[in-house]
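**Q** Have a look at this one before I ask anything.
Nothing in this text is a laboratory measurement; each read-out follows from the coordinates by a stated rule. All figures in this text were calculated on a predicted structure; none of them were measured in a lab. Cβ sites come from the backbone with ideal geometry, for glycine too, and all protein chains shown count toward neighbours.
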Amino acid sequence: MYEGAIQDLIDELGRLPGVGPKSAQRIAFHLLSADTADVDRLATSLRRVKELVRFCDTCFNVAESQQCRICRDARRSDEVLCVVEEPKDVVAIERTNEFRGRYHVLGGAINPLEGVGPDHLRVRELMARLAAGVVKELILATDPNTEGEATATYLALMVKPMGLKVTRLASGLPVGGDLEYADEVTLGRAFEGRRAV
């Protein structure tokens, strides 16, 4: 245990997701030995992100204005809507350069153990977007875990009466993976999702 400002910094850094006590201590001592200009740039960036970044009024992705750059892009299709859990998922999909539709960020996934139900997510906003009748296909791109599957199943049941085409991202074996290391669920999904060559 340290005292004063250094311990306060370690404690605050340790509250960040994925940063354990040892990492927090390492970061704190790195900042302590860094140039003042570097630390000032970091502090300025932290302040700016809190002052300038907000959630898009349409899709709830991160933005610095009322709409994010994707919602402002007139070249994208309004007929295909991809539902993701978090803004970082939008970035992951965008890196593929495969999707040219719109997004809807739920802000999490259904997780009863953590007290997160559909009312804690942006499901009402999604249903309002779908009610406009423009969307023809809804892609459920939630994480392939228990919470993501529960969320996708819930959304599929909610939109079924609308007559939309509802799809789920394929899942299976990663490129470069070995069959012997694949778990049963992943291998099973790879068999279900097989396609002709």
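**Q** With a ≥ b ≥ c the root eigenvalues of the C-alpha gyration tensor of the range 39-153, is it rounded (a/c under 1.5), prolate (a/b larger than b/c) or oblate?
**A** Taking the square roots of the gyration eigenvalues as a ≥ b ≥ c, the range 39-153 is oblate.
**Q** Taking amide H positions as placed in the peptide plane 1.01 Å from N, state which residues far from VAL116 in sequence (5 or more) or on other chains have amide H under 5 Å from it.
**A** For VAL116, the qualifying residues are ASN111.
**Q** List the pairs from LYS50/LYS160; LYS88/LYS165; LYS88/LYS136 whose alpha-carbon separation is above 31 Å, in the order I gave them. Spell out each step's value before the answer.
**A** Working: LYS50/LYS160 38 Å; LYS88/LYS165 25 Å; LYS88/LYS136 25 Å.
From the list (LYS50/LYS160; LYS88/LYS165; LYS88/LYS136), the Cα-Cα distance tops 31 Å for LYS50/LYS160.
**Q** Counting other beta carbons within 10 Å of each Cβ, put TYR103, TYR154 in order, fewest first. Provide the component values of the computation, followed by the final result.
**A** Values: TYR103 26, TYR154 18.
So the ranking, lowest neighbour count to highest, is TYR154, TYR103.
**Q** Something else about it: In the range 75-168, what percentage of the DSSP-assigned beta bridges are antiparallel, given to the nearest 5?
**A** Details: 1 of 13 bridges.
So the antiparallel bridges amount to about 10 percent of the total.
**Q** Give the shape of the range 4-52 as rounded, prolate or oblate, defined through the alpha-carbon gyration tensor: a ≥ b ≥ c are the square roots of its eigenvalues, a/c under 1.5 means rounded, and otherwise the shape is prolate if a/b is larger than b/c and oblate if not.
**A** Numbers: a/c = 2.09, a/b = 1.28, b/c = 1.63.
Verdict is oblate for the range 4-52.
**Q** Among [x] 8, 29, 30, 19, 11, 3, 0; [y] 8, 36, 38, 16, 2, 0; [z] 7, 25, 28, 23, 13, 3, 0, which one is P(r) over Cα pairs in 10 Å bins from 0, in percent computed from these coordinates?
**A** Evaluating P(r) over Cα pairs in 10 Å bins from 0, in percent on these atoms matches [z].
**Q** Moving on to the next point. For HIS120, HIS30, what ranking results if the residue with the fewest other Cβ atoms within 10 Å of its Cβ goes first? Display every interim value, and only then the final one.
**A** Values: HIS120 15, HIS30 11.
Going from least to most buried by this count: HIS30, HIS120.
**Q** As a footprinting exposure proxy, order THR96, THR186 by other Cβ within 10 Å, with the fewest listed first. Could you put the intermediate results ahead of the total?
**A** Values: THR96 7, THR186 16.
Arranged by neighbour count, lowest to highest, THR96, THR186 become THR96, THR186.
**Q** Treating only the Cβ atoms of Lys and Arg (+1) and Asp and Glu (-1) as charged, compute the dipole magnitude of the chain about its Cα centre; round to the nearest 20 debye. Kindly include the intermediate steps, with their values, before the conclusion.
**A** Working: 26 positive and 30 negative charges, 193 e Å.
Here the chain has a charge dipole of around 920 debye.
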